[in-house]
Amino acid sequence: MKAPLSWLNDFVDIDLSIPGLARLITMAGMEVEAIQIIGLPMPAPGSVDAHVSGLEWDREKIVVASILEVMPHPNADRLVLCKLFDGQQEHIVLTGAPNLFEYKGKGPLAKPLMVAYAKEGARIYDGHQDGQVLTTLKRAKIRGVESYSMVCSEKELGISDEHEGILLLGEDAPPAGTPLADYLGDAVLDVKLLPSYARCASMLGLAREIAAMTGKSLTTPNVERYTSPAGDFAEIEITNPDLNPRFVLGLIKRIEIRPSPEWVQRRLKLAGMRPINNIVDATNYAMLELGEPLHAFDYDVLVKRAQGKKVKIITRTARPGEKLTTLDNIERTLDESTVLVCDTAGALSIAGVMGGLESEVSDKTVNVLLEGAAWNFINIRKTARAQQLPSEASYRFSRGVHPAMAERGVRRCLDLIQAWAGGTAAPGLVDNYPLPPASPTIELTASDVKRWLGIDLEIGQIKSMLERLEFHCLLTTDQCLQVTAPDHRLDIGEGVTGKADLVEEIARVYGYENIPETRLSDLLPPQLGNPELDKEERIRDLLVYQGLTEIVSYRWTTPERESRRLLPTAPPDDKPYLRIANPLAYEKGFLRHSVLASVLDTAERNARVRERIALFEIGPQFLASEDSHGLPDELQRLAIVLSGPRTLPGWQPADLAPMDFYDLKGVLTALLDGLRLPEVRVEPGEHPSFHPGKCAKILSGEKQIGVFGELHPEVRARYDWPASFRTPVLAADLDLAALLSLIPAIRTTNPVPTLPPVLEDLAVVVDESVPAERVETLIRQTGGRIVADASLFDVYRGEKVGAGKKSLAYSITYQAIDKTLSDKDVAGFRARILRRLEQELGAKLRA
Amino acid sequence: MLEQLKEIERTALAALEAVQDEAALETWRVAYLGRSSPLMQVFSKLGALAKEERPVVGQAANEVKKALEAAFGSRSEMLRQAALARALSEERLDVTLPGRPIARGRLHPDTQILRELYRVFAEMGFQVYRSREVESDEYNFQLLNFPVGHPARDMQDTYFIEAEGRGDNPIVLRTHTSPGQIRAMREMAALNPQNPPPVRIILPGMVYRYEQVDARHETQFDQLEGLAVGPGITFSDLKGTLTDMARRLFGPQARTRFRASFFPFTEPSAEFDIECFQCGGKGCDVCGSGWLEIGGSGMVHPVVLQNGGYDPARYTGFAFGFGVQRIAMLKYGIPDIRYFWENDLRFLEQF
């Protein structure tokens, strides 16, 4: 909402600087987002949070002046010369302003024209350029006449965009020579009003807050007139009081339509509204002043539509398919929740949002019927959104306006119309008020305030703070306040909610900055920690230790994009995607099914800038679920992608061979080892992402916790790698929840042996089909605790071992805790191991 | 004989002076200390000397031998040192050449800042509580005192998930981590419904707002909320807790500012700002007027406490929330919020 400082001053005496006022309003909960300076001194940079714009008028160089005579220009028909007095001397000033032409050649004016005069060296906006471009007035010769100063338009002064003619000052203009800033200087505060601050969506509402925060008194407009017995110029039928709790009508006859006074138009423009005529302007002015949107009907149109009967206003919801042409000349189809103001002949306007074309005030209007009503704010918000009709009226009604304001608004507006358009108000109003809002009484004590805010206030202090905001307070004998909200606000609840609402008001008046800072001293809750998170963070660390970089991706994707992680011939991912109903773009329209797909997408993008890729992500993938009230399953996954040279290239020889299956397996082994998961094993796997011969699954018991391998060449080919990026792509996809569930909370540590071990190499020849992992497992099982380590150091295939065979060579560490092993002891274990390998796997000791 | 010994010593020492390498030193040793060297000849001839001459010559010969051995030892050490010096000088490296590159892994900056926040709050007794990202309207809004159709919903532009027949309870991408407040309070209250234990948690996690993306606004971002509920929690505790946080993050001089505001789930509500650490509050390019807008906060609304299973007549609480990326951008000087989820390695490798 735009609030001109001069208007606020009608209701409260503001003696703060502009930055001081902006800070006060902002701290009280109404953020001043922007300040437009009109002529007044510009706030120092950094003195306000708000965006500051506008023009400061030099007090010496931009002054009020009087034009004494308008004379023709000797060499130009489109220019005139003005004889002008600036309070000190006379000047001849050149201008092309069309609104002076009517005075041309009329000799000395009986009544001088008061104007804004800029002297040589004054800084103003250039009226001939788009937007606001600063210029400094310099001496020049125009068509043979010396020019060094000018009479200004609104645009040149930064008041508005108006540049059709010069600004002519009103009757109340001060004498020539007065600095213009003293007369027209102003500042417009653009205030962001949060939903609970609806009461402040008016000059009076904002002024009331300023008065309460500064301790000044508030001057309210007189709205006590037209209280004579109910009028009989119309009747009102409300079909649904929940949607329309109150409807008030006033009537004023024999008005004269003309432009509003110049100062009214200026205020409306500063507040962001376009002046139309004195009637429409009066409704807007009253709305801006009090916060109650009003609507003016041409009464004679309604009388005609009533066909001789009494005018009857009916409020009801729209009928299916009902249409109305609104005053912006658009025919609108209304849905059945739209509330309409109608008469017996049909719809007149969309309640609280926009008037209809037929019954609006025109140049021919003589008698005006004035509507002030209260509407259900949720319904108005819905209609304004559905019709895409944000207006000053819907801005207020969709936040909630107290029904008491309807009557006040009509009365105030009748006064304004009488002042600006003449006419005679009909005695009394027609008022239908079926549903006054609840006005709960809230009991509040000093200990309530202490309980919420942690500050000690006397009950008397609390009472006076609330009374500054016009709450009605009654102090009972037991030091309890009985508080009711004033009838301009709907945001105060009842019971304990109402107490909290009042405590907020007390905090605002007391000043948030005055509340002390204390350290929590309340009971500590049970210390449960978050073991799942701790384990997850451990996984991140283990992967980072191994040189992988963590990524965090957008959760959205498309099915097409994600399908690339699978073979084109694989059965499609037929689980339904969670689809965003209102995505920013199609590409952001689906929640991902695969964290691995996100990591592959990231690898693909980074392959353009890096030849070595080592990435992982931990996060959810989303699957529609029948359970948990229709909410999807959020499955936590760990995905890894590796590709590129094993080590980074440098200036020395390095292992730049591409990473392969075993590099990825090494990463996973180190991870599982770091998590102390010895029971997890790896078996050959099959998966539509992976090379059939280079794919493995990770199992714990019978439960699969992950799959990894080298991407199938045809899957790899579905990604857009740069031509230079040729290395195999390794990937792993693990069920994080399953992994976390396996991590033991408590671990053990073996003693460090003090006795010397016996180291021995053992090479066995087995069939090619025997998995290496079986051999090692049997060695360890057979050796029991004596075999402290068995690590494979060579795999050989060739003539020496025969076709279809391979030789596996292990380095075995025999170690007893309690004795030094003899050659004889070791020989016994070796023989047992060999026997077992031969029996179970057909292995032979390699000669 | 004694003359001869002197001559042997003189000749040998002179020859040793000329020795420049290990081989020549060995030749010298054989020549002057070897079995057939003139000195050894003297020893072998001792028996032939007169009885009274024998000890004199023997002692003199021994002294010469000791002298030559000592000279040999020091010459040998000198040669070793010279050889070492030569070798070391030949092995001089260009220490300015790059080290062997290590493929260092990195935690995402989001994880790094979250861990810092976890640590700060853990020391104040706040434990981490996480909950789902796809929520019902009921949990995301209604239970948090955003009634259906209420204008407060305009404050959080929402992504909806396509779903049939859910009426006023559509599925949404959570707009804040606050649904976790309800879930956490209900879990805690279930432990002892008559007398629920206090709550002191932080709620981190990804949230979503329907908003155009630019350098300062993301449509998906990490939020961190805090919630403390107990029999005696006040607004001044809220101020103290957030000021402590600000000091831990931005230094012991950091100051906070609380402005009145509105959020449906808190009452009273406050925006909180931290004094700009770049300019110390004077106003600069980073902050504008000296204050950095950080997040929202307030006392938990009685309706929310009630919905969480806590009697608002017996319990109070505070809650706060802010964007995690905002903190990271300030602390790490990150110029563009879009960098976070784009995962360009040229960005991530800077952490």
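Check region B:50-63 and report whether any residue there is away from every other protein chain (no Cβ under 14 Å), in a loop (DSSP other than H, G, I, E, B) and open to solvent by less than 50 Å² (accessible area, probe 1.4 Å). The answer is yes; a qualifying residue exists. Return yes or no: is B:Phe235 buried (at least 21 other Cβ atoms within 10 Å of the Cβ) and in contact with a Pro (Cβ under 7 Å, 6 or more places away or on another chain)? Yes; evaluated as a whole, the condition is true for this residue.
Conditions (1) hydrophobic (A, V, I, L, M, F, W, C); (2) within 14 Å of chain B (Cβ to nearest Cβ); (3) closer than 30 Å to A:Arg385 by Cα; (4) part of a helix (DSSP H, G or I), marked per residue:
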position: A:Met405; (1), (2), (3), (4): yes, no, yes, yes
position: A:Trp420; (1), (2), (3), (4): yes, no, no, yes
position: A:Pro427; (1), (2), (3), (4): no, no, no, no
position: A:Pro436; (1), (2), (3), (4): no, no, yes, no
position: A:Lys450; (1), (2), (3), (4): no, yes, no, yes
position: A:Leu457; (1), (2), (3), (4): yes, yes, no, no
position: A:Gln461; (1), (2), (3), (4): no, no, no, yes
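Taking (1) within 30 Å of A:Cys200 (Cα to Cα); (2) at pLDDT 95 or above in turn, B:Asp157 satisfies each apart from (2). Of A:Leu109, A:Leu55, A:Leu24, all but one fail to be in contact with a Leu (Cβ under 8 Å, 6 or more places away or on another chain) and either more than 27 Å from B:Asp285 (Cβ to Cβ) or free of Cβ contacts under 8 Å to residues at least 12 places away in the same chain (or both); the exception is A:Leu109.
For region A:534-564, taking the residues that are open to solvent by less than 60 Å² (accessible area, probe 1.4 Å) and out of contact with any helix residue (DSSP H, G or I) (no Cβ under 8 Å at 6 or more places or on another chain), the one that is farthest from the other protein chains (Cβ to nearest Cβ) is identified as A:Ser563.
Just one of the listed residues (B:Ile337, B:Ile294, B:Ile274) is more than 11 Å from chain A (Cβ to nearest Cβ), in contact with a strand residue (DSSP E or B) (Cβ under 9 Å, 6 or more places away or on another chain) and open to solvent by less than 10 Å² (accessible area, probe 1.4 Å), namely B:Ile274.
Here A:Tyr577 does not qualify as of a type in the set (Phe, Trp, Tyr) and either facing another protein chain (nearest Cβ under 9 Å) or surrounded by fewer than 17 Cβ atoms within 10 Å (Cβ to Cβ) (or both). Of these, A:Leu543, A:Leu502, A:Leu466, which one is over 27 Å from B:Arg314 (Cβ atoms) and part of a helix (DSSP H, G or I)? Every option except A:Leu543 fails the conditions.
Within region A:741-758, the residues that satisfy the criterion of being more than 26 Å from A:Leu672 (Cβ to Cβ) and open to solvent by 60 Å² or more (accessible area, probe 1.4 Å) are A:Thr754, A:Pro756.
On the basis of being basic (Lys, Arg) and assigned to a strand (DSSP E or B), does A:Lys111 make the cut?
Details: basic (Lys, Arg): yes; assigned to a strand (DSSP E or B): no.
Against the criterion (basic (Lys, Arg) and assigned to a strand (DSSP E or B)), A:Lys111 does not qualify.
Within region A:643-659, the residues that satisfy the criterion of being touching a residue at least 24 places away in the same chain (Cβ under 8 Å), crowded, with 17+ Cβ neighbours inside 10 Å and in contact with a Leu (Cβ under 8 Å, 6 or more places away or on another chain) are A:Ser643, A:Met659.
When A:Val133 is tested against the conditions (1) at pLDDT below 95; (2) β-branched (Val, Ile, Thr); (3) buried (at least 20 other Cβ atoms within 10 Å of the Cβ), the lone failure is (3). Scanning region A:278-287 for residues being touching a Lys or Arg at 6+ places or on another chain (Cβ under 8 Å) and not polar (S, T, N, Q) gives a total of 3. Do we have A:Ala28 as under 30 Å from B:Ser261 (Cα atoms), surrounded by 20 or more Cβ atoms within 10 Å (Cβ to Cβ) and within 14 Å of chain B (Cβ to nearest Cβ) here? Answer is yes for this residue. Note on region A:119-178: residues that are hydrophobic (A, V, I, L, M, F, W, C) and in a strand (DSSP E or B) total 8.
Residue count for region B:297-311, restricted to those that are open to solvent by less than 20 Å² (accessible area, probe 1.4 Å) and closer than 15 Å to B:Pro264 by Cβ: 9. Total residues in region A:791-847 satisfying the condition of being farther than 14 Å from A:Asp767 by Cβ, touching a residue at least 24 places away in the same chain (Cβ under 8 Å) and aliphatic (A, V, I, L, M): the figure is 9. All conditions but one from (1) within 30 Å of A:Gly493 (Cβ to Cβ); (2) more than 7 Å from chain A (Cβ to nearest Cβ) apply to B:Met245; the one that does not is (1). Counting only residues that are crowded, with 22+ Cβ neighbours inside 10 Å, in contact with a Pro (Cβ under 9 Å, 6 or more places away or on another chain) and closer than 12 Å to A:Ile417 by Cβ, region A:252-283 holds 4 of them.
A:Thr219 satisfies every condition listed in (1) surrounded by fewer than 17 Cβ atoms within 10 Å (Cβ to Cβ); (2) under 36 Å from the mean Cα position of the chain (by Cα) except (2). Would you confirm whether any residue within region B:99-118 is away from chain A (no Cβ under 14 Å) and part of a loop (DSSP other than H, G, I, E, B)? No. Out of contact with any Gly (no Cβ under 6 Å at 6 or more places or on another chain), more than 9 Å from chain B (Cβ to nearest Cβ), under 25 Å from A:Asp541 (Cα atoms) and touching a residue at least 24 places away in the same chain (Cβ under 8 Å): is that true of A:Leu596 in this structure? Taking the combined requirement at face value, the residue satisfies it. Is it the case that B:Gly230 is buried (at least 20 other Cβ atoms within 10 Å of the Cβ), farther than 28 Å from A:Lys192 by Cα and within 11 Å of chain A (Cβ to nearest Cβ)? Yes: the conditions hold for B:Gly230. Annotation note: of A:Leu523, A:Leu528, the sole residue that is outside any helix (DSSP H, G or I) and out of contact with any strand residue (DSSP E or B) (no Cβ under 6 Å at 6 or more places or on another chain) is A:Leu528. Look through A:Arg23, A:Arg59 and report the one residue that is of a type outside the set (A, V, I, L, M, F, W, C), within 21 Å of A:Met213 (Cα to Cα) and either more than 12 Å from every other protein chain (Cβ to nearest Cβ) or under 24 Å from the mean Cα position of the chain (by Cα) (or both). Selected residue: A:Arg23, the only one of A:Arg23, A:Arg59 that is of a type outside the set (A, V, I, L, M, F, W, C), within 21 Å of A:Met213 (Cα to Cα) and either more than 12 Å from every other protein chain (Cβ to nearest Cβ) or under 24 Å from the mean Cα position of the chain (by Cα) (or both). Within region A:378-403, the set of residues being at pLDDT below 95 and over 25 Å from A:Asn329 (Cα atoms) comprises A:Ile378, A:Arg399, A:Gly400. Of all residues in region B:19-45, those satisfying the criterion of being surrounded by fewer than 13 Cβ atoms within 10 Å (Cβ to Cβ) and more than 26 Å from B:Met1 (Cα to Cα) are B:Gln20, B:Asp21, B:Glu22, B:Ala23. Residues that are among the β-branched types (Val, Ile, Thr) and more than 30 Å from A:Leu671 (Cβ to Cβ) were ranked within region B:96-149; the one that is least open to solvent (accessible area, probe 1.4 Å) is B:Val148.
The values are calculated or read from the model by the stated rules, or taken from the named source; none is laboratory data. The structure presented is a predicted model; accordingly, all values stated were derived computationally and were not measured. Please note: Cβ atoms are built from the backbone with ideal geometry, for glycine as well, and neighbour counts cover all protein chains shown. We work out accessible area using only protein heavy atoms, side chains counted, and drop any ligands, DNA or RNA first. Shrake-Rupley method; radii C 1.70, N 1.55, O 1.52, S 1.80 Å.
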